[in-house]
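First the structure, in the form of structure tokens, and then the observations on it.
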Amino acid sequence: MINIISKSVLAKTTNGPAKVVHNLIKGLDIIKYPYIINKALNSAPLLWIHDDLEAYLRINQLDERIKILVGPNFAFPPLTDKLKPRFVLLQPSAWARDFCLKFRYDQGPVEAWATGIDVADFSASTKAKTKVLIYFKERYPWELDFAVSILAGKGLDFEIIRYGNYKESDYKNLLSQSKYIIWIGRQESQGIALQEALASDVPIIVWDVKNIGHWQPLFKHNLNFFSPAERAYDKTTSAPYFSDKCGRIILEKEQLAEMVDYFETNRHNFQPREYLASELSLEKKARDFLAIYKKYFQADPDSYGTDFFPVKQRYKKWRNDFWHYRQYYLAREYFKKIIKPYLTR
């Protein structure tokens, strides 16, 4: 059994961290693996601290037999030698893992793991596909203008969707109408929205980033999270999970017009949904998650710890499961939604 400690699981709005935890839970349900959510930290032999700093800081108080994964929705945990042998830090992709080890945290193991994508929720549409979709996320305005000029110049019908300004239902509707996507996004540690497009069987032209500094954050101070050396890091991408089945990746604007012509005649030759279902299904990623415990702790998730965790422990709560904390979290989420438009001006 695994104890899932997560604040994002309480969220009512759709966001990346909430997708990470909810999609893992869906995967665990598919493979029928037992879990509890936001119970006392010593309630189960396997512990996943998804995004909760307060829980992370209490690791040293726990029974040594509890095996712990941390992340991936931590900015980065405080560096402390005392906690070094107690957990494996998760990052959502290979490049994010390598970046973390180079710049942020190298005191213990760091493992790449991405959550699964719900291929039932994002399915291939049988509707006639008539539009090209431009997905724009925190890049330079001139890049969007350039893509628009290419499509307009070729007389193509297109729509633009901007990160932070749409509902998931809007996205699904546009995906159902889209022949292919021109993806102009920032670096992504996983890129769930892009992967949901792949699950919808929509091929993608990814106009990729050249480094971590290749973006304009919606929030005024986001780039301060990265040092100048980190912003220059060029082993990054907007599409960390991608293959030739999914579409094509370009780096230069001069490649875009030719690639649009190629997709106009060859888009039916791609199999993005096939790739997604093979590499990032809910079931596969749930099994990959459990395998990390075995890899680093030699703890077989199917049998480890069944002899020393009494059932009564599972009824004790971590703070996230108390009514007052849930109400506080939802209120904070509500007010963040209200002020978000003012922060993105």
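A short reminder: the numbers here are calculations on the coordinates, not readings from a lab. Predicted, not measured: the structure shown is a model, and the values here were computed from it. Backbone-built Cβ (ideal geometry, glycine too); neighbour counts: all protein chains shown.
Between their Cα atoms, which of Lys39/Lys285; Lys26/Lys284; Lys137/Lys167; Lys131/Lys154; Lys137/Lys172; Lys26/Lys295 are more than 19 Å away from each other?
Where the Cα-Cα span goes over 19 Å, the pairs concerned are Lys39/Lys285; Lys26/Lys295.
Among 245-251, 40-46, 146-152, 230-236, how do they line up from the highest to the lowest mean number of other beta-carbon atoms within 10 Å? Mind showing how you got there, number by number?
Numbers: 245-251: 18.9, 40-46: 21.4, 146-152: 16.9, 230-236: 15.1.
Sorting 245-251, 40-46, 146-152, 230-236 by mean packing, highest first, produces 40-46, 245-251, 146-152, 230-236.
So what are the radius of gyration and Dmax for the Cα set of region 90-199, in Å?
Using the Cα atoms of region 90-199, the pair Rg, Dmax is 16.8, 55 Å.
Which value, in Å³ per residue, describes the convex hull spanned by the Cα atoms of the chain? Please report the intermediate quantities before stating the final value.
Numbers: hull volume 47.2 nm³, N = 345.
It is 137 Å³ per residue.
State whether region 137-229 is rounded, prolate or oblate according to the following rule on the C-alpha gyration tensor (a ≥ b ≥ c being the square roots of its eigenvalues): a/c under 1.5 gives rounded; otherwise a/b larger than b/c gives prolate, and the remaining case gives oblate.
prolate
Please list, or write none, the aspartates and glutamates whose alpha carbon is within less than 18 Å of the alpha carbon of Lys129, excluding same-chain residues fewer than 8 places away.
Within the straight-line limit of under 18 Å, Lys129 reaches these aspartates and glutamates: Asp157, Glu159, Asp170, Glu196, Asp201, Asp261, Glu264.
Rank-order 58-69, 205-216 by packing density, defined as the average count of other C-beta atoms within 10 Å over each peptide's residues, highest first.
Numbers: 58-69: 15.9, 205-216: 19.1.
Most protected by this proxy first, the peptides run 205-216, 58-69.
List the aspartates and glutamates whose Cα sits under 12 Å from the Cα of Lys294, skipping any in the same chain fewer than 8 residues away.
Of all the aspartates and glutamates, those that pass the test against Lys294 - Cα under 12 Å, at least 8 places apart if same chain - are Asp302.
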